[in-house]
Every structure is written in C-alpha cells, then in structure tokens.
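Accompanying notes for the structure given below.
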Amino acid sequence: MMNLKSFFLCCTAIAIYSCAGQSRLIDGELQTVTEENLSYYLYYPQNYDTAKNKDFGLLLFLHGGGESGGELDEIKRNGPPKLLVEGKEFPFLVLAPQNPHKRKWWNIQAVNQLLDAIIQENRVDPERIYLTGLSRGGSAAWDLAVQYPEKWAALAVVCGMAPVPYAHWVDKDLPIWVFHGDQDEVISVEESDKMVDKLKEMGYDVQYTRYEGVGHNSWSRAYTTEALYNWMESQKRK
C-alpha cells in the first residue's frame, strides 16, 4: 500500500509532467518605437527663390546598396545627384536621402516621413511628387508606390525588383517607366519583365526600356535619358 509520502511525491511528479507538456496561447501587446537618422541632399531649382508664388514639383531619388552606410558624398556617384554635381539643372526640387545601413533595406516609413517634412517646409506641389530609385533603391521605390499609392505623380524604377502581386496595389493611374539591362547578374531582368507584363495585362500606363547587352549598371544610361525628366515634369496626379 502506498504511504502518504509516496502518494505526495507521485502527485507532484504528475503535476510537473503535465505542466511541462502543455502548450499555451496567450495574448500580448508591445508598443515599439523605431527611429532612423536620415542624412540627405536637397536641390532647389534656379528660380525657386525668385518665383515666390510658385509651387514646384519634387523628385525623390533613392540610391542603391553601394552608397549605403557611408559618407553622404557617396550618393553623388550615381543618378540625379551625380548629374547635379556635373552641372545639370532640374525644373523641380530633388530630394536624395542616404540609407544609413550598409546591409539593410530602406526604411520606407522613415523616408516617407522625411518627404512629408520637406514638402511641408518648402513650396512643393503635392500633386507633382516624382519617385525613382536604382537597384536596392529601385526595390524601395516599388515598396513606396505600394505603401503610399496616392502620393506619386510618376514612378521610374531602374533595375529594381518587387513581388509581382505588388502590381495589384499600385495606383492604377500612376504613370510608370521601368529600366533594366538584359545581362544583369545582380537583379535579373526577369524581375522587371514579369512586373511589366503584369502591369500591362492589368491596363497600367507603363513604359519599359530593356537595354540589350547591359549588366547591372543600367542607371548610367537611364538617368542620362533627358526624355525621362521631360516625362516626369509633364505628369500631375489626376
């Protein structure tokens, strides 16, 4: 017959075993705060200071991975910032932030907050906000177009990538121009092929420049295409 002590030990062992083998589902909540320090260049057109009663368009440019996490000057190596250093003038403001993380994707929520602050502090026409990016920045441009679909007057993506289902979430009235080299070994041209095909299938206003014999650096040709900026300047949100 089991004595009282043995009975107590047996019950304790059963209780411990039962607790150890039991799954649980609980409710929880945690408020998180994410901060981002974004350095940037901001270009003002030549007549910005004299045309006091005029609102200007603004081009948001997102650089690629090679310019991430370094000195701010590094973003002048490619795209519109490079053209500005070379003396090109644009008819709209150009905002060029820097991704502070070498190996992280763009924090698009932070970029959007920066853009809103620049719009509020300057004479910017909210109906003429243009978006472009190359490589990692091109992928972020797709993300911004999806997350904030009613913000943009035009979108130009250079050798970027995004899941094809994103096409369903882009503003149907957004004019889009995609650039990619067919020999790109970093981000396959198929990424743009599939997205453009889907957009066209859905009736979007999309242009596609597919460079033959060009690798990942399709941005050197894309951003020196004068027609690109004329096309942007002609766009306004409907």
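Miscellaneous remarks
- Matching entry among Lys88, Lys102, Lys151 (being over 18 Å from the mean Cα position of the chain (by Cα) and of a type in the set (Lys, Arg)): Lys88
- The condition of being in a helix (DSSP H, G or I), crowded, with 23+ Cβ neighbours inside 10 Å and β-branched (Val, Ile, Thr) holds for only one of Val146, Val111, Val157, Val178, that being Val111.
- Looking only at residues in the stretch 187-203 that are under 15 Å from Val157 (Cα atoms) and in a loop (DSSP other than H, G, I, E, B), the one that is nearest to the chain's Cα centre (by Cα) is Ile187.
- Just one residue in the set Asp193, Asp205 is surrounded by 14 or more Cβ atoms within 10 Å (Cβ to Cβ), without any contact (Cβ under 8 Å) to a residue 24 or more places away in the chain and not small (Gly, Ala, Ser); that residue is Asp193.
- Qualifying residue in the stretch 24-35 (condition: within 24 Å of Thr224 (Cβ to Cβ), open to solvent by less than 100 Å² (accessible area, probe 1.4 Å) and assigned to a loop (DSSP other than H, G, I, E, B)): no
- The residues on offer are Asp184, Asp173, Asp125, Asp116, and the sole one that is in a strand (DSSP E or B), surrounded by fewer than 23 Cβ atoms within 10 Å (Cβ to Cβ) and either over 11 Å from the mean Cα position of the chain (by Cα) or aromatic (Phe, Trp, Tyr) (or both) is Asp125.
- Residues that are open to solvent by 50 Å² or more (accessible area, probe 1.4 Å), free of Cβ contacts under 8 Å to residues at least 40 places away in the same chain and not acidic (Asp, Glu), drawn from the stretch 53-84: Asn53, Lys76, Arg77
- The stretch 208-235, residues that are β-branched (Val, Ile, Thr) and crowded, with 16+ Cβ neighbours inside 10 Å: Thr209, Val214
The values are calculated or read from the model by the stated rules, or taken from the named source; none is laboratory data. All values derive from a computational prediction rather than experimental measurement. Cβ: placed from backbone, ideal geometry, glycine included. Neighbour counts: every protein chain shown. Only protein heavy atoms, including side chains, enter the accessible area calculation; ligands, DNA and RNA are left aside. Shrake-Rupley method; radii C 1.70, N 1.55, O 1.52, S 1.80 Å.
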